[in-house]
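Below is one structure, written out as structure tokens; the observations come after it.
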Amino acid sequence: MEVMLTAGLSLATLPVAILLGGLLSGIDRRLTARLQSRQGPPLSQPFFDVLKLLAKERVVTNPWQAFAPVTALGSAALALVLFAAQGDLLVILFVHLVGGVFLVLGALASGSPYSQIAGQRELWQMFCCETLLFLIAGGLYLSTGSFRVSGATGLPAPLLFRLPLLFAAFVFALTVKMRKSPFDLAGCQHAHQELVRGVYTEYVGPHLGLLEIAHWLEVVLYLAVGSLFWATGWGMVLLPLAAFLAVIVLDNIAARLTWRWMLGRGWGVAFVLAAVNLFWLKG
Amino acid sequence: MGFVARLIGKARRSSPWLLHFDCGSCNGCDIEILACLTPVYDLERFGVVNVGNPKHADILLVTGTVNQRNRQVLAVLFEQMAKPGVVVAIGACALSGGVFREAPNVLGGVDRVIPVDVYVPGCPARPEAIIDGVLLALEKFREKE
Ligand code: SF4
């Protein structure tokens, strides 16, 4: 009975997460417009975009392009449900990884040079994000004795005080995941000339719409991981929100860097920070 | 019309993604199109996004004359747009060939090659007129339903 209840409640988080993801994307566009002294679209804009895409004509040049979006959405949704059920963070990360791999497979299945370049960059981006998230899972284990999400709740002091450097690494991973400058290398909205739309270039209409929803869910999942750093009271909401807003401001003041920079300096520094934090916890 | 159909119609009219193709214009009209996206006119308040990919576009903005060399490109771009989509011709050149209409390689306006839904006159067309044209194009979605 209790299992059923947990499962039902966890499934119920999905529509909430979709609403939240779309709203965050709306806030992002509105805030960006304001920072550029424009008025910007209404907050509901992302929902209209996705609805329009879902109702457009299906154009498939390669079966992978039809299969990949469904897998990406399914994996992001499953990862979120597992998170809501307070499951094992390692399992959640592996499930979430599958979606990313299929997104890249779909992009690489087309001959378009834009998809090809962006697909390879996306692999590097996944490498950057996922390694850091696994280290965060390691930090969770060292401080609570378990990889389970539930371990972070009910601690006397927020994890942030024990994992400050890992949180810095998390903000880097969030920037990469949200495809924001300076690391919007693989699927940015604004790189028409060099990338068109990156990994999304060859996905059309409904498939693009599904990928958009999958991306919302991924961002929500990342923010949920961010909330583990302060898993009590309002801090649970405020800390990820602050990280989200910081990423948007950074997006507006930074120029796009190369993937070499992201890997060498960005990931390199974040990895060292995360490792120092882990050794400090152990020692 | 059912609720879902009305909702989809509203979404289409609220989320026009533009593809801008310079078919051989003097660049005057193109500068005015880009002006529409700047803070002064801010077309994004209507949900407009300037995309670089015909497959993602709902509205094709064409400037300039059609000639023997670029007619093929224009036709391919139109063909690659996922339905439903509308075409807006901008500036005297795109309407009829404009000052270049007598040139030996010029075919004339955009409607010689692809069907045009909205014509925006001017040389160059003013940003206000272009915004009017885009909003009129949104109404065309209603007719196409
Ligand atoms: S209509 Fe005038 S401004 Fe526009 S492309 Fe033609 S000549 Fe240039």
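The values are calculated or read from the model by the stated rules, or taken from the named source; none is laboratory data. Predicted model, so just to flag it, every value in this text is computed and none were measured. Glycine also receives a Cβ, built like all others from the backbone with ideal geometry; neighbour counts cover every protein chain displayed. Remember, those area values only see protein heavy atoms, side chains included, never the ligands or the DNA or RNA. Shrake-Rupley method; radii C 1.70, N 1.55, O 1.52, S 1.80 Å.
Only protein heavy atoms count here; on that basis, with a 1.4 Å probe, B:TYR41 has an accessible area of about 60 Å².
Surface calculation, 1.4 Å probe, protein heavy atoms: B:CYS26 sits at approximately 100 Å² accessible.
Among A:ALA270, A:ALA231, A:ALA255, the largest mean-square fluctuation in a Gaussian network model of chain A (Cα springs under 10 Å) belongs to A:ALA255.
Sorting B:LYS83, B:LYS55 by accessible area (1.4 Å probe), largest first, what list results? Numbers along the way, then the final one.
Numbers: B:LYS83 95, B:LYS55 30 Å².
Final ranking, largest accessible area leading: B:LYS83, B:LYS55.
When a 1.4 Å probe is rolled over the protein heavy atoms, the share of accessible surface on chain A that falls to carbon and sulfur comes to 72 percent.
One chain, two ends: A:LEU9 and A:GLN39. Fully extended at 0.36 nm per residue, the span grows by 7.0 nm beyond their Cα-Cα distance. Residues B:ARG45, A:ARG179 ordered from highest to lowest accessible area at a 1.4 Å probe: B:ARG45, A:ARG179.
Could you give the accessible area per residue of chain A, probe 1.4 Å, as a whole number in Å²? Mind showing how you got there, number by number?
Working: 12200 Å² over 283 residues.
Per-residue value: 43 Å².
Buried accessible area for the B:A pair, summed, 1.4 Å probe, in Å² rounded to 100? What B and A bury together is about 2300 Å².
Largest accessible area first, the residues A:MET236, B:MET81, A:MET4 order themselves as A:MET4, A:MET236, B:MET81 under a 1.4 Å probe with ligands, DNA and RNA left out. Only lysine pairs 8 or more places apart, or on different chains, with alpha-carbon atoms under 15 angstrom apart are counted in the protein assembly as shown, and they number 13. I'd like the chymotrypsin sites (Phe, Trp or Tyr not before Pro) in the range A:205-283 restricted to DSSP loop residues with at most 13 other Cβ atoms within 10 Å, sorted by number. Taking the range A:205-283 and a limit of 13 other Cβ atoms within 10 Å, the loop chymotrypsin sites (Phe, Trp or Tyr not before Pro) found are A:TRP234. In the distance distribution for the range A:2-282, Cα-Cα pairs more than 22 Å apart total 57 percent. Screening chain B for DSSP H helices whose Cα atoms reach 20 Å or more along their own axis and whose mean Kyte hydropathy is at least -0.5 gives B:127-144. Close amide H partners of B:ASN50, meaning residues 5 or more places away or on another chain with modelled amide H under 5 Å apart, are B:LEU18.
Taking label positions 7 Å along the Cα-Cβ direction at both A:ASN252 and A:VAL237, the computed distance is 2.3 nm, reported to one decimal.
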